[in-house]
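Below is one structure, written out as structure tokens, with a few remarks after it.
The values are calculated or read from the model by the stated rules, or taken from the named source; none is laboratory data. Quantities reported herein were computed from a predicted structural model and do not represent experimental measurements. Counting neighbours? That spans all protein chains shown, and the Cβs are built from the backbone with ideal geometry, glycine included.
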Amino acid sequence: MVFLLGFAVLVLSICSVSVWSRVIREPAAARPWRAEVAPPPGEVVVSTEGVLTAQLAAGDITNDQYLQAMGRLAAGDEFRHPLVVPPDR
């Protein structure tokens, strides 16, 4: 059992070192999923959903108020950016 645990730790550490070294060696252009742009220091990026969630967690609004506000946000988002389904072939 100890051998199996040690072997698993060894394999996981080798895999993690391999992946980590590959990530470090890749240029930023090869990682489009990773945002390199950070907000300026002192500036906080806040979303409306985040504010509503924080208010709900703090107890400032009720669950019903949260659901109504999120529904209004979803309706506005649907109006501004409608989802277009491609036609069947």
Checked pairs for the range 45-57, first touching a residue at least 24 places away in the same chain (Cβ under 8 Å), second assigned to a helix (DSSP H, G or I) and aliphatic (A, V, I, L, M), C-beta under 9 Å and 6 or more apart or across chains, list as Thr48/Ala69; Thr48/Leu73; Glu49/Met70; Glu49/Leu73
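Of everything in the range 39-65, what is in a helix (DSSP H, G or I) and over 21 Å from the mean Cα position of the chain (by Cα)? Give them in sequence order. Reasoning before the result, please.
We begin by selecting, within the range 39-65, every residue in a helix (DSSP H, G or I); these are 48-58, 63-65.
If the condition is that a residue be in a helix (DSSP H, G or I) and over 21 Å from the mean Cα position of the chain (by Cα), then Ala58, Asn63, Asp64, Gln65 are the ones that fit.
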Gln55 vs (1) surrounded by 11 or more Cβ atoms within 10 Å (Cβ to Cβ); (2) on the phi > 0 side of the Ramachandran plot: all pass except (2)
Flagged in the range 57-77 as among the polar types (S, T, N, Q) and closer than 18 Å to Ser47 by Cβ, in numbering order, are Gln65, Gln68
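Given the criteria exposed (fewer than 10 other Cβ atoms within 10 Å of the Cβ), modelled with pLDDT under 90 and of a type in the set (Val, Ile, Thr), does Val17 qualify?
Details: exposed (fewer than 10 other Cβ atoms within 10 Å of the Cβ): no; modelled with pLDDT under 90: yes; of a type in the set (Val, Ile, Thr): yes.
When the stated conditions are applied, Val17 does not pass them.
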From the option list Glu26, Glu36, Glu49, Glu43, single residue qualifying as at pLDDT below 85, surrounded by 10 or more Cβ atoms within 10 Å (Cβ to Cβ) and of a type in the set (Asp, Glu) is Glu26
